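Trainee: If you scroll down you'll find the structure; I have some questions about it.
Read-outs: derived from the displayed coordinates by stated rules, not from any lab. Since the model is a prediction, treat every value here as computed from it, not as a measurement. Backbone-built Cβ (ideal geometry, glycine too); neighbour counts: all protein chains shown.
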Amino acid sequence: MTRFALPLLLLPIVAVAADPTPAERGKKAIESTAFIKAFWPKPAYESAWKVWGLAEKPKDYEAAVRERYGLHPAPYPNDGYPMGLRTASMLIGKGVGIDCMTCHGGSLFGKGYVGLGNHSLDIHSLFEELAAAGGASVKLPFAFSQVRGTSEAGAFAVYLLGLRNPDLSIAKEPKELGLHDDSCEDVPAWWLLKKKKTMYHVGATDARSVRSIMQFMMHPLTTPKEFEKAEPTTPPRRRRAKPCSRRTAQAATAPTARTGRTRTRW
Ligand code: HEC
């Protein structure tokens, strides 16, 4: 082999490694990134069993946590936590936070799947009990879920948006944006999205909108800079929504002849 042959042989390997597909990039981001700060210190997680009324810590603690809160086994390395909980930074040190798979991770026959809706989750108890285990008796600002297997995800977004100014800095006074916590929202499987034109049950959001998905980063400790840092992970990579014609726009905002009221079209 000439001395030029070896570098040439290495070329394709370097090219493949440097250019992950969008699906590979997304998988890595979803499985290994903490997009928000931790909610609870690790000792609070480790001692949650005490608020369950048990006399001693269950032997397989990860399985007991899954059982209690309706979580599922992580099909990727996750520091020994159930899928949906993950190591994340606190103001000082590391703690335990949640991620998309708290609600978007499910299991079939004991095997966890990313993107399968979590239909056994009890997110209200998860937040209430882990706070109590950390010594803070917290009254949650609204019902995070009304019934196991559903959540009030839309209310999270409304509540968190009320804490922010339009430039994403924290507002001095929380805004009342008409929060409802009685929707009992069900989680569709992620892979169905590619067949849809709109997402969410109200059908109001373009299925290609990535900014809508970033709403979950509005944890009060996420700084505007951190949103900017996350931009490359959620680029508006799909074709922009086609702007509607001037005629359609006028029709959508014109008062109706019958009632004189303006029709709202999403
Ligand atoms: C607290 C639970 C919860 C968390 C956390 C959460 N979601 Fe969701 N998500 C839902 C629910 C519930 C729906 C269905 C809402 C509806 O139909 O109106 C949904 C809908 C979606 C949809 C639309 C699916 C469709 O077919 O209409 C996408 C995409 C999505 N979520 C992505 C994400 C991503 C990415 C994250 C993390 C950054 C995330 N979600 C975190 C509960 C959650």
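Trainee: Under a 5 Å amide H to amide H cut-off, with H placed in plane at 1.01 Å, what residues pair with Thr205 once short-range neighbours are removed?
Mentor: Met199
Trainee: Report ³J(HN,Hα) in whole Hz for each residue of the stretch 178-185, in order, from the Karplus equation J = 6.51 cos²θ - 1.76 cosθ + 1.60 where θ = phi - 60°; Gly and Pro get x.
Mentor: For the stretch 178-185, the Karplus-derived couplings read x, 6, 10, 10, 10, 8, 6, 6 Hz, x marking Gly and Pro.
Trainee: Using a 10 Å cut-off on Cβ atoms, rank the peptides 115-128, 53-66 from the highest mean neighbour count down.
Mentor: 115-128, 53-66
Trainee: When N is the residue count of the stretch 32-233, what does its C-alpha Rg come to as a fraction of 2.2 N^0.38 Å?
Mentor: 1.02
Trainee: Karplus couplings for the stretch 161-169 from phi (6.51 cos²θ - 1.76 cosθ + 1.60, θ = phi - 60°), rounded to Hz, Gly and Pro as x?
Mentor: Each residue of the stretch 161-169 in turn: 5, x, 8, 10, 8, x, 8, 6, 6 Hz.
Trainee: Calculate how large, on average over all directions, the projected area of the Cα convex hull of the stretch 135-242 is; give the answer in nm² to one decimal.
Mentor: One quarter of the hull surface, i.e. the mean projection, equals 9.0 nm².
Trainee: Using 0.36 nm per residue of separation minus the Cα-Cα distance, give me the extension gain between Ala55 and Leu108 in nm, one decimal. Can you show the working numbers first?
Mentor: Details: separation 53, 0.36 × 53 = 19.08 nm, distance 3.13 nm.
My answer for the length gained is 16.0 nm.
Trainee: Say R0 is 22 Å: what FRET efficiency, to the nearest 0.05, do Ala23 and Thr198 get from their beta-carbon distance?
Mentor: With R0 = 22 Å, the Cβ-Cβ based efficiency is 0.50.
Trainee: Calculate, in nm to one decimal, what Glu226 and Leu140 gain on full extension: separation in residues at 0.36 nm each, minus their alpha carbon distance.
Mentor: Details: separation 86, 0.36 × 86 = 30.96 nm, distance 2.52 nm.
Contour length minus Cα-Cα distance gives 28.4 nm.
Trainee: Please list, ordered by chain and number, the residues whose modelled amide H lies under 5 Å from the amide H of Met90; skip anything fewer than 5 residues away on the same chain.
Mentor: Ala38, Gly95
Trainee: In addition: Using θ = phi - 60° and the Karplus curve 6.51 cos²θ - 1.76 cosθ + 1.60, what whole-Hz ³J(HN,Hα) does each residue of the stretch 208-219 get, with Gly and Pro shown as x?
Mentor: Couplings: 8, 6, 8, 4, 4, 6, 6, 4, 6, 7, 7, 3 Hz.
Trainee: Roughly what would the spin-label model give for Thr33 and Val210, points 7 Å off Cα along C-beta, in nm?
Mentor: For Thr33 paired with Val210, the spin-label model returns 0.9 nm.
Trainee: Another one. For the stretch 32-233, what is the relative contact order in percent, using Cα pairs closer than 8 Å and at least 6 residues apart in sequence?
Mentor: Working: 337 pairs, mean separation 37.6, N = 202.
So the answer I get is 19 percent.
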